[in-house]
Every structure is written in structure tokens, then in C-alpha cells.
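Beneath this line is the structure, given in C-alpha cells, with notes to follow.
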Amino acid sequence: MFAIIKSGGRQLKVTPGAIVEVDRVQLAAGDKVTIDEVLFLGKDDGTIRGKAALRDYMGMALKKIPDLRFTLDRVFSGVNSVVLEFHTTDGRHGAEFMEFGRNGLVARVSATYAAG
């Protein structure tokens, strides 16, 4: 389990029991702090389950990069699946694999991004 929190004007990924350096907060070493602004809760395997969790995750991404835009480069289709290859306006590249369920709706998505 992990959380994305907002503290000191930054977003940080934290895990239970982790030691975190927080900017712009007046504390002595070892002091405990309560974080009121938890932006997202997730699982360590990177899985997001459910519409509400996906909505929260995407909302967090759009707050971080409000002008986020994608350009579709290529589409690969398969049996009950599609892969969308894209790039962003700041030059990042990625691909999303989408698997369709029997009802024709997307049942699973796996996103992969180029390093760097």
C-alpha cells in the first residue's frame, strides 16, 4: 500500500513506516506529523482498481500537468484488444494495452512508458 500526499507544496509517494523528508515544514528530527491532504491511495504492484480510484489517479495527474495532451502515433489491434501508441507535448512516449470483456467494454488496461 502507498499514498500520494501533498506537503510543502510538493506531491510525495509514501509507504507505511517510511521516513520522508518534507520541505517547508518546521519539525525536529523524529517528530511525528499528520498529513491532511492525501491525494491517492494505491497498491504496491501499481494496480488501480475501480472507477473511483482511476478517477482519483487521473485527477492527480491532471493537477500535476494541467495542460497534458497526447498525440496518437499508431494503433495496433488484436483479438479483443487494442494498443494505442502515443507521445505527449513534452516529448514523452508511451503505449496503453486495452483488453475488452465479453460486453465489449474495456476490462483491463496496462500502461507502459519509455524510460527517460
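The numbers here are math on the coordinates, done by the rules we state, and not lab data. Fair warning: this is a prediction, and the values are worked out from it, not measured in the lab. When we count neighbours, we look across all protein chains shown, and the Cβ atoms used for this are built from the backbone with ideal geometry, even at glycine.
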Hits in the stretch 34-46 - residues which are over 16 Å from Lys64 (Cβ atoms), surrounded by 10 or more Cβ atoms within 10 Å (Cβ to Cβ) and without any contact (Cβ under 8 Å) to a residue 40 or more places away in the chain: Ile35
Matching option when the condition is within 22 Å of Phe2 (Cβ to Cβ), in contact with a Leu (Cβ under 9 Å, 6 or more places away or on another chain) and hydrophobic (A, V, I, L, M, F, W, C), among Ala61, Ala18, Ala95, Ala111: Ala61
Selection within the stretch 89-115 - within 17 Å of the chain's Cα centre (by Cα) and farther than 23 Å from Ala53 by Cα: Arg92, His93, Ala114, Ala115
Selected residue (only one of Asp56, Asp73 is within 28 Å of Leu39 (Cα to Cα) and of a type in the set (D, E, K, R)): Asp56
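Yes/no matrix, rows are residues, columns are (1) of a type in the set (Gly, Ala, Ser); (2) surrounded by fewer than 13 Cβ atoms within 10 Å (Cβ to Cβ):
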{"site": "Val83", "(1), (2)": "no, no"}
{"site": "Ala95", "(1), (2)": "yes, no"}
{"site": "Met98", "(1), (2)": "no, no"}
{"site": "Tyr113", "(1), (2)": "no, yes"}
